[in-house]
1. Charges at C-beta only: +1 for Lys and Arg, -1 for Asp and Glu. How large is the resulting dipole of the chain about its Cα centre, in Debye rounded to 20?
2. In debye to the nearest 20, how big a dipole does the stretch 90-239 give about its Cα centre with +1 on each Lys and Arg Cβ and -1 on each Asp and Glu Cβ?
3. With the calculation restricted to Cα positions, what are the radius of gyration and Dmax of the stretch 157-297 in angstrom?
4. Each residue of the stretch 196-206 in order: what ³J(HN,Hα) in whole Hz does its phi give by Karplus 6.51 cos²θ - 1.76 cosθ + 1.60, θ = phi - 60°, with x for Gly and Pro?
5. Taking only C-alpha pairs under 8 Å that are 6+ residues apart, what is the relative contact order of the chain in percent?
6. For the stretch 1-138, treating each Cα as an identical point scatterer without solvent, what Debye log10 I(q)/I(0) comes out at q = 0.17 1/Å?
7. Give the aspartates and glutamates whose C-alpha is closer than 12 Å to that of K289, dropping any in the same chain fewer than 8 places away, or say none.
8. How much mean residue ellipticity at 222 nm does the chain get from its helices, if each DSSP H run of length 4 or more adds -39500 (n - 2.57) and you divide by all residues, to the nearest 500 deg cm²/dmol?
Amino acid sequence: MELISLDPTNRGWLNETPTYLPPVGIGEVMRAVGLGRVVASKNLRYPEGQLVSGLLGWQEWAVIDDATMLLPVPDVPGVPLTAHLGALGTTGLTAWVGLTDIGRPQPGETVVVSAAGGAVGSVAGQIAKLRGARVVGIAGGSQKCALLTDQLHFDAAVDHRAADWRHQLEKATPDGIDVDFENVGGEIMDAVFGRLNLRARVVLCGLISAYNDAEWPPGPTNFPALLVQRVHLQGFIVLDHLDRAPAFLAEVAPLVHSAQLQSLETVIDGFEELPTAINMLFDGTNVGKLLVRLAHA
Ligand SMILES: NC(=O)c1ccc[n+]([C@@H]2O[C@H](COP(=O)([O-])OP(=O)(O)OC[C@H]3O[C@@H](n4cnc5c(N)ncnc54)[C@H](OP(=O)(O)O)[C@@H]3O)[C@@H](O)[C@H]2O)c1
């Protein structure tokens, strides 16, 4: 294994209640997406030396069979391996499917992305911007907000850790909100719902603000806005859309190769760091895709 991806959904897999996949039991290998290179193979589809990604788990070596969800990954000169789990991997696919199939932003419309400095959010915001939307990112801290506007060319950023974040959101969305790419939930989602325009679309991608809560909090409190504004809200899980990968790569790979779209990553070295590194997703210390690199990579 070369790289292991840390994802908010890993947290849900540790609970006893099933999510869209069964819980990971005590004593089982922790489920996770990873990137590795085939060292020995009896399968012509995956020859020795082939780079592959899939649900390889928290382990240094993976023994797999045809039942494992595995994709061959092209070695592209100039593209770092990390990007294959970031903007070019399921992270990028999540952002692209959510925007293309559900959000459908039109030029000039206002798109708000929460957890915008993270893996999915940073890609979603950049794609929306490249499609001509006005893009507002919500992120924690002035540094992440500056990164969104200065490096990723978002039109505005809202610091959800600042006392006046609601006022910042109002100021950043003077014409209301046409697309909410929702990664966080809770009071941030409620505030966004309160600013949705007629026939807005909500791309319900994640609700990370409650993943560590012992009980799911009540809400959303601004739910009636969805009725009054005739909003289309759709949840989705990227695993249902793997057939969209060729169309996604046809659009996004050239953008990444030409650096029009940046794949941001936070890479932590060392297999033993996995159990603590995952906390970065919840305290917000990651920027872009959070990955752990294995020593021999
Ligand atoms: N539907 C799907 O198929 C799918 C696939 C992948 C991911 N997701 C979802 O997409 C969301 C983002 O995932 P990701 O992998 O891209 O992770 P990420 O955004 O790279 O990392 C999570 C970020 O969430 C923010 N955050 C954490 N707790 C928060 C809270 N209480 N309030 C506000 N912000 C908080 C933090 O950023 P700040 O510093 O900005 O607070 C943190 O950096 C998650 O909800 C995840 O479950 C869904």
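Bear in mind that the values in this text are calculations on the coordinates, not laboratory data. Just so it is clear, the structure is predicted and the values come from calculations on it, not from any experiment. Neighbour counts are summed over all protein chains in view; Cβ atoms, including those assigned to glycine, are modelled from backbone coordinates with ideal geometry.
1. On the way: 20 positive and 32 negative charges, 146 e Å.
The calculation lands at about 700 debye.
2. Values: 12 positive and 15 negative charges, 77 e Å.
With only Lys, Arg, Asp and Glu charged at Cβ, the dipole is about 360 debye.
3. 18.1, 56
4. 6, 7, 4, 6, 6, 10, 10, 8, 8, 9, x
5. Working: 586 pairs, mean separation 57.0, N = 297.
Relative contact order, the chain: 19 percent.
6. Cα-only, vacuum Debye calculation for the stretch 1-138: -1.01.
7. Within reach: D7, E265.
8. Working: 10 runs with 72 residues, N = 297.
Counting only the DSSP helices, I get -6000 deg cm²/dmol.
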